[in-house]
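Scroll down for the structure; my scribbles are underneath it.
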Amino acid sequence: MSNNAITPTVTVIGCGYVGLTTAAILANCGVTVYAVEINQSRLSSIKQGKSFFYEEGIDRLIATGLASKRLIPTGDYAAGVPESGIVFSCVGTPDNDDGSSNLSYVYDAARRAISLMDKDAVFVQKSTVPVGTGKQLQTVFRQAGKPNSYVSNPEFLREGTAIGDTLWFDRVVVGSDDPAAGQQVAGLYRLVEKHRDTIAKLAGLTPPAVPPAARYITTGQESAELIKVSSNAFLALKISFANSIAMLADQTGADTTEVMDAVGADRRIGRAFLNAGRGYGGGCFPKDVSSLIRSAEDHGVKMEVMRAVADVNQSMPHYVINKATNVFGRSFEGSKVAVLGVAFKAGTSDVRRSPGITIANTLAAQGAIVSAHDPAALEEADELHDTILRCDDIRSAVDGAEAIFITTDWPEFVQHGIDQLAAMSGAKLIVDAMNCLDKSAQASDVTYIGVGR
Ligand code: UGA
């Protein structure tokens, strides 16, 4: 095994947002990384130097990783696991119908990996799993006669800023019963810190003016698991709180952005994730909130607060449409409506649980003639209703629209601004479901509404 204390060979299992970002960055730190992906079309895309999802800078890092032969994409666990000192599991944890986490990929990856792992190699869990999963996997490992060290190393990167978040991390959490194993994993992040400026240049990213002071946090395994889900749950809670206040602002004439700017100026609260709008989506918050509720119930704990968070969130796309309908003065049935943004947020092609899609489909179901545009996500938007016209550019999407819904805050939508969107379309209503347009710059007489403003 080519495992020395400084730079072990690494295997990353699962090349989704987390796995591929981790693999591409480590490979550019001089680590030999086997990136295991069992989906053949995704694997062949990576082998050609291209990610199968849109993420700024990642293709360049894949290309340099491949060129240096440090990044080795493979469909075969046996290619790299036996010689790896550290094996990261980054497989998906989708939700089951009852809201609990579907851990079948996690277990499958762990079983396959452990059967091939050297006895001194460390298994690292990066997938978001309910608290207690690590202990159960360790039992599986022991039953297989492989009591390898296990480290919970949750991931905090965001889609759309995945490379930057990984290079300039606020914190690395390593939770393990084996401190030496935890230190080995932390060592990889120190390598990332060392190489990050060079990697940023390769990826075409500008380093932050003031890099965050990276904190290395060592905890027990269960704490690390719970840190991850609690972090996402708390951010989701902030969003649903902001949306609840926004609905009250709508009834009273307050402007939620003014409210949250001032509320967030309190350092104990912070301004981040208090932007009201059509609610959160994506592959993380919705499922992590429901998984936390279920996992708490499994332990006899009622997470009423998180139920309320999920309920408020589910209501938001419909709240936006209802508010717009009231202002429009009638149902959108028979009216041409443009929906700008089907990705669950800007900077990504990911459409999982996208509120923009819910809004577009609901409008279409109400009989509106809907056209949709997104700069990166249209191709992946299989869930868009068949009747919805998919447009390659903003202009054709808004052409002739009576109302325009902004459902993702892509910079190109924001740059167009209220007046230009109105002029391009002749729309009489602009519904800013992200509160991202500058209403103080509005000169035209188009009706503009946001959420809570
Ligand atoms: C989230 C977390 O922010 C990451 O730290 C975490 O690593 C990741 O989940 C994960 O578990 O893998 P992500 O889902 O990529 O990251 O996206 P966010 O930037 O957190 O946005 C989530 C959703 O919340 C988006 O739909 C966004 O539009 C919405 N949002 C965000 C709001 O509605 N209001 C806000 O103020 C902020």
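The values are calculated or read from the model by the stated rules, or taken from the named source; none is laboratory data. Quick caveat, the model's predicted, so the values are computed rather than measured. All Cβ positions, even for glycine, are placed from backbone atoms using ideal geometry, and neighbour counts span all protein chains on display. For accessibility, only protein heavy atoms count, side chains too; no ligands or nucleic acids. Shrake-Rupley method; radii C 1.70, N 1.55, O 1.52, S 1.80 Å.
Paramagnetic label reach from THR198 (point 7 Å along Cα→Cβ; backbone nitrogen cut-off under 12 Å): within region 6-46, residues 27-31.
With every protein chain kept in the model, how would you rank SER371, SER231 by accessible area, 1.4 Å probe, largest at the top? Show your work: numbers first, answer last.
On the way: SER371 0, SER231 25 Å².
Putting SER371, SER231 in descending order of accessible area: SER231, SER371.
Database remark: amide H of ASP432 closer than 5 angstrom to the amide H of ILE406, ILE449, GLY450 (H placed geometrically; neighbours at sequence offset of 5 or more, or on other chains; Pro and chain starts carry no H). Highest mean packing comes first when the peptides 413-421, 232-240, 10-18 are listed by Cβ atoms within 10 Å, giving 10-18, 232-240, 413-421.
Solvent exposure of ARG112, expressed as accessible area, is near 100 Å², computed with a probe of 1.4 Å over the protein chains only. Heavy-atom accessible area with a 1.4 Å probe sorts GLU379, GLU55, largest first, into GLU379, GLU55.
Calculated on the alpha-carbon coordinates, the convex hull of region 308-430 measures out at 98 cubic angstrom per residue. Length gained on full extension, ASP445 to SER68, computed as 0.36 nm times the residue gap minus the Cα-Cα distance: 130.0 nm.
Helices in the chain that qualify as membrane-span-like (whole DSSP H runs, Cα extent of at least 27 Å along the helix axis, mean Kyte-Doolittle hydropathy of -0.5 or higher) are 179-203, 221-252, 304-328.
Between ASP266 and ARG171, 0.36 nm times their residue separation minus their Cα-Cα distance comes to what? Gain on extension, ASP266 to ARG171, equals 32.0 nm. For the listed residue pairs LYS119/LYS201; LYS50/LYS126; LYS146/LYS228; LYS302/LYS439; LYS336/LYS439; LYS119/LYS345, the alpha carbons are over 31 angstrom apart in LYS119/LYS201; LYS302/LYS439; LYS119/LYS345. Using a Förster radius of 30 Å, what is the FRET efficiency between LYS50 and ARG111 based on their Cβ-Cβ separation? Nearest 0.05, please. In this case the efficiency is close to 0.50. On the basis of the beta-carbon distance and an R0 of 45 Å, GLU258 and ASN102 show a calculated FRET efficiency of 0.60. Amide H to amide H distances under 5 Å link ALA35 with VAL12, ILE72, THR74, where only residues 5 or more positions off or on other chains count and H is placed in the peptide plane.
Taking label positions 7 Å along the Cα-Cβ direction at both ASP438 and ALA144, the computed distance is 5.6 nm, reported to one decimal.
Qualifying GluC sites (Glu not before Pro) in region 276-364, where qualification requires a DSSP coil assignment and no more than 15 other C-beta atoms within 10 Å, comprise GLU333.
Got a sec? What order do ASP393, ASP386 fall in by accessible area at 1.4 Å, biggest, i.e. largest, first?
On the way: ASP393 70, ASP386 150 Å².
Sorted descending by solvent-accessible area, the residues read ASP386, ASP393.
Once you reduce region 323-399 and region 56-81 to the center of their Cα atoms, the two points are 36 Å from each other. The separation of region 184-214 from region 239-268, counted between C-alpha centres, amounts to 35 Å.
Heavy atoms of the protein chains alone define the surface here; on that basis region 76-204 has 39 Å² accessible area per residue at 1.4 Å probe size. Would you please state the base-10 log of I(q)/I(0) at q = 0.18, 0.19 1/Å for region 413-453, with intensities from the Debye formula using one equal scatterer on every alpha carbon? Once normalised to I(0) and log-transformed, intensities are -0.40, -0.45. Shape summary: region 44-188 maps onto an equivalent ellipsoid whose semi-axes, from the alpha-carbon gyration tensor, are 25, 19, 17 Å in decreasing order. Computed over every Cα-Cα pair of region 372-444 and binned at 10 Å starting from 0, the pair-distance distribution P(r) comes out as 19, 55, 23, 3 percent.
Sorted largest first, the spans of the alpha carbon positions of region 45-125 along the three principal axes are 41, 35, 17 Å. Name the shape class, rounded, prolate or oblate, that the alpha-carbon gyration tensor gives for the chain, where a ≥ b ≥ c are the square roots of its eigenvalues, rounded holds for a/c under 1.5, and otherwise prolate holds if a/b is larger than b/c and oblate otherwise. Since a/c reaches 1.5 and a/b is larger than b/c, the shape of the chain is classed as prolate.
The packing ranking of peptides 173-180, 158-165, highest mean first, is 158-165, 173-180, where packing means the average number of other beta carbon atoms within 10 angstrom of each residue.
Check each of the trypsin sites (Lys or Arg not before Pro) in region 287-332 and keep only those in coil by DSSP with at most 12 other C-beta atoms within 10 angstrom; list them in order. All intermediate terms of the calculation are to be shown ahead of the outcome.
Numbers: sites: LYS287, ARG294, LYS302, ARG307, LYS323, ARG330; in loops: LYS302, ARG330.
Answer by residue number: LYS302, ARG330.
Here region 1-68 yields Rg over Rh of 0.96, to two decimals, using C-alpha coordinates and the Kirkwood radius.
What's the carbon and sulfur percent of region 34-82's accessible surface, probe 1.4 angstrom, rounded to a whole number?
In region 34-82, the share of accessible area belonging to carbon and sulfur is 49 percent.
Here the scattering of region 84-147 is modelled by Debye summation over its C-alpha atoms, one equal scatterer each and no solvent; at q = 0.20, 0.21, 0.27 Å⁻¹ the log10 of I(q)/I(0) is -0.76, -0.82, -1.26. With a Förster radius of 30 Å applied to the C-beta separation of GLU383 and ASP178, the computed FRET efficiency comes to 0.10.
Size descriptors for region 181-250: radius of gyration and Dmax over Cα atoms are 18.0, 52 Å.
In Å³ and rounded to a whole number, note down the convex hull volume per residue for the Cα atoms of region 226-274.
On the way: hull volume 2.9 nm³, N = 49.
Roughly 60 Å³ of hull volume per residue.
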